[in-house]
Structures are given as C-alpha cells and as structure tokens.
Amino acid sequence: MLRFGGGTTLPGRVARVVAPSVLRDLSAALPGGVILLSGTNGKTTTSRMLAEILCANGERVLHNRAGANLITGLTTTALAGTDWRGHPQATIGLFETDEAALPQALAETAPRLVLINNLFRDQLDRYGEVDTLAQAWKQALRTLSPETCIVLNADDPAVAYLGQDLGCHVLYYGLEDAQHAVGAGAHIADSQFCQQCGERYRYSLAFYAHIGHYQCPRCGYRRPTPQVQLARLDLSGIEASRLYLRYPGGGLELNLPLPGLYNATNALAAFAAALALGVPPAMARRALERFSAAFGRIERVTAGQGGAPMLIALIKNPVGATETVRMIVQTSAVPAHEPRGLHLLIAINDRFADGTDVSWLWDAEFEALAGQVASVVVSGTRAEDMAVRLKYAGVDPAMMRIVPEVHPALDEALASLPAGATLAILPTYTAMLALREDLARRGWVKPFWEG
C-alpha cells in the first residue's frame, strides 16, 4: 500500500478524458437511480445520515463518503462501485455535491431525488454571491424530469424559492419550534429580499442568519408550509438532542446522538428525503438513533488510551462558525469570574479548499466566547489573523498562544488541558485534514477515507 491517500479524484479525472460520458452511463445503470445532495453547510453529515438510513432499509449504497464532491470525485465513486464488467455493485447512488458542481451533476446523473439544505455566503473567491448560485441551481432544476423529487428547506428563502414553478414534485421540510428563534447572526443574513419583487422579508421567527419564518410585505410570498416538520427540539449538551417530528400521516420522537440545532436540521433533512424515497419512518428513526458523526463534524476523539477527550467541529464560513461557537458556549458556558472555562484549539488556513479570503472571520460571532475561555491555542496559516479577531471579540490575550503548525499546536493544547476538561478543536477544512492525519499517525483515529 503506497499510502498516497484515498484516491478520491484522480481515477475520475482520467476516466472522463477517456470516456466523457462515463458518469452519465454509470448513473443510468444504477437500478434505484441517483440521489444528489447539495448546500453550503451540513451536506456531508446529512448525506451520511441518509446513507445510514438507506443501508438500514436494505439498499446497497454507492456513496462518496470521503467527501470528494466535485464531478471528478463523483465519477471516481461511480467507477469504484462497478465490477470488472462495468456493472454496478450498488442498488442506488448517493452523491454529496459541491455547490458550484450541482448543475453539471444534475445534467449527468439525471437524479431520482435532489436534496438542497441551505445556501449561505461561502468562499466568495470561488462561488461568488448566493444569488448567482441560486439562479444557476434554478435553471438546472428546471431541466429535470417530472418524476424527480426535489426536497427543499422551507426555512431558507433562497432554497425554498427554488421550488416555485418547477414541473417536479417538491417536498419541503422545516423547523417549527419557536424556542430556538434567537435571531443569531442576523447581520450575516444573505437572502433578505423577496425573490419575486425585491422587498425585504419580514420574519415572525428568526433562527439564525436568514433562516426562519418569513413573508414579503409587498407581494405576499411567504415561507412554504413544510410537509415534514421538526415540531420540537430539546438540546442535551454536547452529547445529544431529542427531536419531535411530524409528517403526513403521523409523527415520532427521535433521540439523535449529536448536539446542536445544526445537526437536528441535518437529521430533519435526511428524514424528509428518506420518506420521499419510501423508507418507513420507524426504519429512518432507528438508523438516525445509532448515527455517528462524519470526520471533523462534531467528531469525538480520545487522545490515546484513557487520554483527554477532544471534540472536532469544522468551521468554514460565518454562519457555520457562529452556530458552532453558539453550540459550544451554550453547552459549556461558565460565569466569567470562575477560573474554569472553555479550552480551545482554533486552526485557520487560507488554502484553496478553505477559501483564500478569510475576511469571513470578522462576520462570524466569536464575541460569544468573551468571558468563557480558559485557554486557546491559535494555529494555521492565518493564526495571527485569528488571534487578532479573538482579541477584538473580547477574549483575553493572556489566555491565547499562537502556534502556527497544527501538530505542535495540538501538543501544546493537550499539555495544558486540565484533568476532566474537553479540548474543543475548531479547524477550517485543510487544517482539519492535517489534524486528522496527525491523529491517524498517532493511532487515535482511522484515515478519513476509511471512516
């Protein structure tokens, strides 16, 4: 084994040169068709949740589990799922898809179901503004067969509007629990204006950023009523949450072994897609109740045998970082005058896969950390930028140490971690990969492509 990595894109790149229609042909050969899932935040976790549900329901799922979500990655996954004669070994395909790659993926896979969970500002140097992406998605969705099912988040105005005037069947899901309407991150709301007339939306409930219950005061366009609803959500620290779901013909309670509002809505999206695919609700519940997080997405790791607990939570844009910080603070908050508090390792890189523009750090609400931090090690290629951001957010500079290289930064953070404390690690994408490579070398986790 050469251990060059997971081989998640190169085979697909080569195959597409030799046979440009390879993804189209392999997708058409899958008996159960293809499911595409896209959005800004949560698509890896949601796709893994849906994969677990489908496997529990007896499907053999072809899934780009390692997260290679460009067209070359999808093609590599499709190739890996065929036998020597080119016949599929799976019954159904499930592809997490990069936002910019979604229109091409729609054209080449002719999906049976498309799930879109949200649309936020992310990596402006790669994607541009959210309206540009939304228009590209809308045009591509209009080309789909009437038999395709589109599953959309009713609480995101830009995503919900994609369902207007489509010839496909559209299923909406959404959050109904008003106790979570705290209006977090309203200053980073992207989709604030009505897609029909341009008037600013009015919100009766605002959960975070532009996610909530909205209506246009001029033309009357409003949030669609979701068929699949998260009626109540009870959060239980950093360990779990309890969901009360309603859907056509029934309802159920679900104990999700993941924390936070974000993961609850990911589970809601996966559950809605499963229902649209004909999975029995009880089967979907059982699969979700034994789900474990994708690598780096609220992933719990122990530092060796009997070592310190770590919680890894990927951050990559203003909304995702704000909600992650909000979750950690809400579940671990302490009075500012007490000596204990949060122990953090924040690793910020600005490589291509992270987005080279790190100005988003100033839009994320790191102010919630003020008075809650006992120690923080700041690392990555933009460690100094992050340290300055934390200082302006109200974190005491005396609590900070700057260690640019991720591997010694982890050692530094663990060395100063008090007994019984958890180290919360917040990395950007490439920093997370570097961190997990180090953890795998130490024998604390499996390589990501084996996870």
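The values are calculated or read from the model by the stated rules, or taken from the named source; none is laboratory data. In this text, all values refer to a predicted model and were calculated from it rather than measured experimentally. All Cβ positions, even for glycine, are placed from backbone atoms using ideal geometry, and neighbour counts span all protein chains on display. Ligands, DNA and RNA are stripped out before the accessible areas are found, and what is left, the full protein with its side chains, is counted by its heavy atoms. Shrake-Rupley method; radii C 1.70, N 1.55, O 1.52, S 1.80 Å.
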Check: What residues have an amide H closer than 5 Å to that of Ser236, excluding those fewer than 5 places away on the same chain, when H is modeled at 1.01 Å from N in the peptide plane?
Finding: Ser241, Arg242, Gly260
Check: What residues qualify as long-range amide H neighbours of Asp396, i.e. H under 5 Å apart, gap of 5 or more or another chain, H built at 1.01 Å from N?
Finding: Gly371
Checklist line | Carbon + sulfur, % of accessible area of the chain - ligands and nucleic acids excluded, 1.4 Å | finding: 52 percent
Checklist line | DSSP beta bridge pairing in the chain, given as percent antiparallel to the nearest 5 | finding: 40 percent
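Size of the dipole of the chain about the Cα centre, Lys and Arg at +1 and Asp and Glu at -1 on the beta carbon, nothing else charged, in debye to 20?
I would put it at about 800 debye.
Skip the ligands, DNA and RNA, and give the accessible area per residue of the chain with a 1.4 Å probe, whole Å².
Numbers: 18130 Å² over 451 residues.
Per-residue value: 40 Å².
Which order do peptides 105-111, 356-362 fall in by mean Cβ count within 10 Å, highest first? Mind dumping the intermediate values first?
On the way: 105-111: 21.3, 356-362: 15.3.
Answer by packing, highest mean first, reads 105-111, 356-362.
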Check: Computed from these coordinates, which is Cα extents along the principal axes in Å: (1) 88, 69, 37; (2) 82, 44, 41; (3) 61, 60, 41?
Finding: (3)
Note to self: At a threshold of 8 angstrom on Cα-Cα distance, excluding pairs fewer than six apart, so keeping six or more, what relative contact order does the chain reach in percent?
What the structure shows: 13 percent
Margin query: With no other cysteine's Cβ closer than 4.7 Å, which Cys residues of the chain count as lacking a disulfide-compatible partner?
Written below: Cys55, Cys149, Cys168
Notebook entry, point to check: Whose amide H sits under 5 Å from the amide H of Leu94, counting only residues 5 or more places off or on another chain, with H placed in the peptide plane?
Noted result: Ile35, Leu62, His63, Asn64
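Evaluate the relative contact order of segment 1-158 (contact order divided by residue number), counting alpha-carbon pairs under 8 angstrom at least 6 apart; express in whole percent. Can you show the working numbers first?
Numbers: 255 pairs, mean separation 47.8, N = 158.
RCO, segment 1-158: 30 percent.
Which length gain, in nm to one decimal place, applies between Ala440 and Arg142 when the Cα-Cα distance is subtracted from 0.36 nm times their residue separation? Display every interim value, and only then the final one.
On the way: separation 298, 0.36 × 298 = 107.28 nm, distance 4.41 nm.
Net length gain for the segment: 102.9 nm.
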Checklist line | Spin-label model distance (nm) - Arg290 vs Ala107, 7 Å beyond Cα toward Cβ | finding: 4.2 nm
Notebook entry, point to check: Using alpha-carbon pairs under 8 Å, 6+ residues apart, how would you state the relative contact order of segment 209-254 in percent?
Noted result: 25 percent
Margin query: Could you tell me which residue out of Leu119, Tyr208, Ala267 lies farthest along the dipole of the chain toward its positive end? Charges go on the beta carbon: Lys and Arg +1, Asp and Glu -1, centred on the Cα centre.
Written below: Ala267
